[in-house]
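The values are calculated or read from the model by the stated rules, or taken from the named source; none is laboratory data. Note that the structure is a prediction, hence the values are computed from the model and not measured. Quick reminder, even Gly has a Cβ in these numbers, built from the backbone with ideal geometry, and neighbours come from all protein chains shown.
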Amino acid sequence: MASDLSEKVLEYLDQHGSVDTLDLAEFVQEDHQKVVGSVKSLQAAGDLITVEQQIHKRWELTDEGKTVVEKGSHEALVYYAVPVEGISQSVIMQTVPNAKVGFSKAMSSGWITVTKHAGEAVVRRKVDDIKDTVQESLKLIVGSTPNAVTDAQKQEYKKRRLLQEVVTKSFLLGKGVDFSISVEKPETELTQEMIASGCWKERKFKPYNLDSLGIAPERGHLHTLLKVRDEFRQIFLEMGFSEMPTNNFVESSFWNFDALFQPQQHPARDAHDTFFISEPKLSTKFPSDYLEHVKQVHSEGGYGSQGYGYEWKIEEAQKNLLRTHTTAVSARMLYQLSQKEFHPAKYFSIDRVFRNETLDATHLAEFHQVEGLIVDHNLTLGDLIGTLYEFFKKLGITQLNFKPAYNPYTEPSMEIFCYHTGLHKWIEVGNSGVFRPEMLLPMSLPEDVNVIAWGLSLERPTMIKYGLNNIRDLVGPRVNIQMVHDNPICRLEK
Ligand code: PHE
C-alpha cells in the first residue's frame, strides 16, 4: 500500500501528464519536502514516474531592499531632505538614514551639488525633480515583471545588498513506462515461502541501498587515560617487557620506602606527603632475613656502604599507606626474582599511586605512574640512556635531555626532558636511575647484577595528546563524558 500522498501524486499525473513538485506541493497543500519524499519512494518502486531535477532562481528583497521599496532609495531620501534653499552637509549626514551611500549616489546621479560657504559644506538641489529608478526597479523585480529590469541592474542591486538570489530545487514529474495509479509496495526481503511457492517471479523487490550507513552500535567507551595506558602497555610488550602485578594500592612503608633505602626520617614519609592507613594500621608479615638485611643497611651500612647510621625501627616500616609510587611494586618484584636462580628480566607497570598533594591544574592526589625496569648483569648508565631513547622513540619523541637528580634508591639518577616540537620547549617527562647496591644487595641479588629503571606519569602525556590543560578534566566531577565518548583511540606517533 502506498501512502496517501504518493497516490495523490499519481492521480495528479494521471490527469495532467506532468507537474513540477513545487506546484504540486501547493496543489495538495503539503510541505514541499514531504512531496519530494513521496516522489523518492515512488522512484524506488520501479519506473512508475519520470523525475527530472529543476533549478529555480528567483530574486528576493533583503530587509534593506524592503525599506527602499517602502520609503524610497537612499539617494532619493537624501535628495528629498535637501530644501530648495540648501542645507548644511553635516545635518544631512546626521539625520538621513544610510546618508553616506545615499549622498554619494545622489551626487553621481547629478541630483545635488555641494558648495563651500565660510568653511561649511552646503548641499543644494541640482535638478527640480527626480525619478527614483532604484525603488521602481526593485518593485518590478519582485512584482510580476522581473524581466523589465536588466541583469546588470539586478547584479548592481545585489552588490548594494538590496536584492538576493534564492535558488530552489524541485523535480519535474512525468509518467514512467510502468505508470499506474496504484503502487504495489515492493518486497524488501526474499523469503523462503516466496521461493517455495514461486511467487517471487511476480513480485517487485526494493533494491538494496548499499550506501546507507549502519546504525552505530551502542557500546562503552574507554576513558582517555585508559586509551593512553593501552598504548604504553603495547610499547612495553613490543620491547619484550612483562607486566608486574599492581593490584595492591595499600602497601606497607617497608616496601614503599625501607626496601628502597629511603631513610625513616625522610620528609616524603611524613603525613603531609603520604596517606597513611588507620585500619589496619600496621603490616606484620615480612620476609625475616631480608628485613634484617634492610635494617642493617639503613642503620649500620654494609655491601660497601656506610648506611645512614640511625636506629631503624620496625614500627615505622610496619605503617600501612596508599603507595606513593609504583617503585614499591618494583621492589617486591625484584625481591621475588632474587629468591630464585637469577635470570635477567624486563618488567613494567602502569597503575595508580597516591600523594597528599594540594590539588591544582597539574596535581592530583591520585594519579598513574608508568614504570619500566631492566635487571641484568653489568648494566650501566649507557644502557639506561640507550633504553630511554628507544622507549621514547616509540612514543614519537626523539630529542631527549637528562639532568642529574636525586632519589634515595638510585645512583646516578636523572630527570628526563624531551623537546616538545609543538610547545617549542623542553619539558620534564620522567625520572630514572640505576638502583643502588644498598637496595639490591640486601635482597641477595648477585653482586654484578644491576637494575636500570625509569618512571613517568600517565596523566601528562594524556593531557598533551588530547589537548587538555587542566588535570582535573581527567578525573572527578569535571570530566566531560562526551569527551570520553568522542576522543579517538590513542596512537602515539611512531
Ligand atoms: N619512583 C620515582 C617517582 O616516583 C620514579 C622512578 C622510577 C625513578 C624508577 C627512578 C627509577 O618519581
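Might you let me know whether the stretch 173-187 holds any residue that is assigned by TED's automatic domain parsing to the domain that holds His368 and small (Gly, Ala, Ser)? Checked against the condition, which is being assigned by TED's automatic domain parsing to the domain that holds His368 and small (Gly, Ala, Ser), the stretch 173-187 yields no hits at all. Scanning the stretch 367-386 for residues that are of a type outside the set (Phe, Trp, Tyr), touching a residue at least 40 places away in the same chain (Cβ under 8 Å) and either exposed (fewer than 15 other Cβ atoms within 10 Å of the Cβ) or within 12 Å of the ligand (Cβ to nearest atom) (or both) yields a total of 11.
Selection over the stretch 414-472 of residues that are more than 16 Å from the ligand (Cβ to nearest atom), surrounded by fewer than 14 Cβ atoms within 10 Å (Cβ to Cβ) and not small (Gly, Ala, Ser) gives a count of 9. Within the stretch 250-283, restricting attention to residues that are closer than 20 Å to Met333 by Cβ and not hydrophobic (A, V, I, L, M, F, W, C), the residue that is surrounded by the fewest Cβ atoms within 10 Å (Cβ to Cβ) is Ser283.
Of the listed requirements (1) at pLDDT 90 or above; (2) surrounded by fewer than 11 Cβ atoms within 10 Å (Cβ to Cβ); (3) assigned to a loop (DSSP other than H, G, I, E, B), Tyr208 misses just one: (1).
When the stretch 395-413 is filtered for residues that are surrounded by 17 or more Cβ atoms within 10 Å (Cβ to Cβ) and not hydrophobic (A, V, I, L, M, F, W, C), the ones remaining, listed by number, are Asn407, Pro408, Tyr409, Thr410, Ser413. Among the residues making up the stretch 284-301, those that are under 18 Å from Met333 (Cα atoms) and assigned to a loop (DSSP other than H, G, I, E, B) are Lys285, Phe286, Pro287. Looking at this structure, is Arg478 at pLDDT below 95, within 13 Å of the ligand (Cβ to nearest atom) and under 24 Å from the mean Cα position of the chain (by Cα)? Criteria not met by Arg478. Evaluating Glu193 against the criteria (1) assigned to a helix (DSSP H, G or I); (2) closer than 30 Å to Ala44 by Cα; (3) touching a Phe, Trp or Tyr at 6+ places or on another chain (Cβ under 7 Å) leaves one unmet condition, (3).
Filter the stretch 151-171 for residues that are closer than 30 Å to Ala45 by Cα and surrounded by fewer than 15 Cβ atoms within 10 Å (Cβ to Cβ) and give the result. If the condition is that a residue be closer than 30 Å to Ala45 by Cα and surrounded by fewer than 15 Cβ atoms within 10 Å (Cβ to Cβ), then Val167, Thr168, Lys169 are the ones that fit. Of the residues making up the stretch 350-366, those that are away from the ligand (no atom under 15 Å from the Cβ) and either over 28 Å from Val250 (Cα atoms) or not polar (S, T, N, Q) (or both) are Leu359, Asp360, Ala361.
Among the criteria (1) more than 22 Å from Gln369 (Cα to Cα); (2) at pLDDT 95 or above, the one Ala328 does not fulfil is (1). Residue count for the stretch 436-474 under the criterion of being within 28 Å of Tyr409 (Cβ to Cβ) and touching a residue at least 60 places away in the same chain (Cβ under 8 Å): the result is 26. Taken over the stretch 302-349, the criterion of being within 15 Å of the ligand (Cβ to nearest atom) and assigned to a loop (DSSP other than H, G, I, E, B) is satisfied by Arg323, Thr324, His325, Thr326. Scanning the stretch 41-67 for residues that are under 21 Å from Glu11 (Cα atoms) and in contact with a strand residue (DSSP E or B) (Cβ under 9 Å, 6 or more places away or on another chain) turns up Leu42, Gln43, Leu48, Ile49, Thr50, Val51, Glu52, Gln53. Listed by first and then second residue, the pairs linking a residue in the stretch 405-432 that is farther than 11 Å from Leu456 by Cα and part of a strand (DSSP E or B) to a residue that is of a type in the set (D, E, K, R) and within 10 Å of the ligand (Cβ to nearest atom), with Cβ atoms under 6 Å apart and 6 or more places separating them unless they lie on different chains, are Ala405/Glu415.
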